[in-house]
Every structure is written in structure tokens, then in C-alpha cells.
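*Asks:* Dropping the structure in here first, questions after.
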Amino acid sequence: MSTMTMRVDDVDAAIVRKYAKFEGKTISDFIRDAVFEKIEDQEDLATLRAAIAEDDGTRYSHEQVLAELGL
């Protein structure tokens with residue numbers, strides 16, 4: 001397992017410690033979760049941008065969708 005170091009000032013470190021404790025997590029778990037949430041957010045944003053770029057403006061009503069599905 002690798003170790004990574006993050007430098008923060010004392011005030012920020014205290015905030016991270018308190019928030020991790022509030023969440024019931026170790027500092028390592030808290031930071032790991034935050035990093036991967038950020039990565040997931042970026043992936044979601046990339047997916048949204050791609051969907052917007054491909055959007056042809058066609059919209060369907062709720063009734064049309066239900067009819068198409070045979071419901």
C-alpha cells in the first residue's frame with residue numbers, strides 16, 4: 001500500500017480532523033473518500049457534457065414514454 005502526504009496549515013488540519021471525527025472516519029478514510037468523490041464528480045461532469053453535446057433537442061412527454069413502453 002502506498003502512502004501519500006498532504007501539506008495543510010494548522011487551521012485546515014484541525015478542520016479536517018474535526019470533520020473526519022464527526023463523520024466517524026479516520027483521517028485517511030475521510031481524505032480517500034473525498035478524493036474519489038471528486039474524481040467521480042469529474043467523471044459525471046464529463047458524461048453530462050457529452051450528453052449535452054449529443055442532445056438533438058427531442059423531448060418526450062411522460063405519456064409518450066409510457067405508450068412507447070406499452071404501459
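*Asks:* Within the chain, report the chymotrypsin sites (Phe, Trp or Tyr not before Pro) that DSSP leaves as loop and that have at most 14 other Cβ atoms within 10 Å.
*Replies:* Loop-located and lightly packed - Tyr60.
*Asks:* Here's something else I'd like to know. Helix 27-54 versus the longest principal axis of the chain: what angle, 0 to 90°, nearest 10, using Cα atoms?
*Replies:* Relative to the chain, helix 27-54 is tipped by roughly 30 degrees.
*Asks:* In square angstrom, rounded to the nearest 10, how much accessible surface does Ser28 have for a 1.4 Å probe?
*Replies:* Ser28 exposes around 80 Å² with every protein chain in place.
*Asks:* If you keep only loop residues by DSSP, which trypsin sites (Lys or Arg not before Pro) in the chain have at most 13 other Cβ atoms within 10 Å of their Cβ? It would help to have the intermediate numbers written out before the result.
*Replies:* Values: sites: Arg7, Arg17, Lys18, Lys21, Lys25, Arg32, Lys38, Arg49, Arg59; in loops: Arg7, Lys25, Arg59.
Here the sparse-neighbourhood loop sites are Arg7, Arg59.
*Asks:* Hey, another quick one. Mind checking the angle between helix 10-23 and the chain's longest principal axis? C-alpha axes, 0 to 90 degrees, to the nearest 10.
*Replies:* Result, in degrees: 60.
*Asks:* Of [x] 4.7; [y] 4.4; [z] 9.7, which is the value of mean projected area of the Cα convex hull in nm² derived from the coordinates here?
*Replies:* [z]
The values are calculated or read from the model by the stated rules, or taken from the named source; none is laboratory data. Since the model is a prediction, treat every value here as computed from it, not as a measurement. Because the Cβ atoms are built from the backbone with ideal geometry, glycine has one as well, and the counts that use them run over all protein chains shown. Side chains included, ligands, DNA and RNA excluded: accessible areas come from the protein's heavy atoms. Shrake-Rupley method; radii C 1.70, N 1.55, O 1.52, S 1.80 Å.
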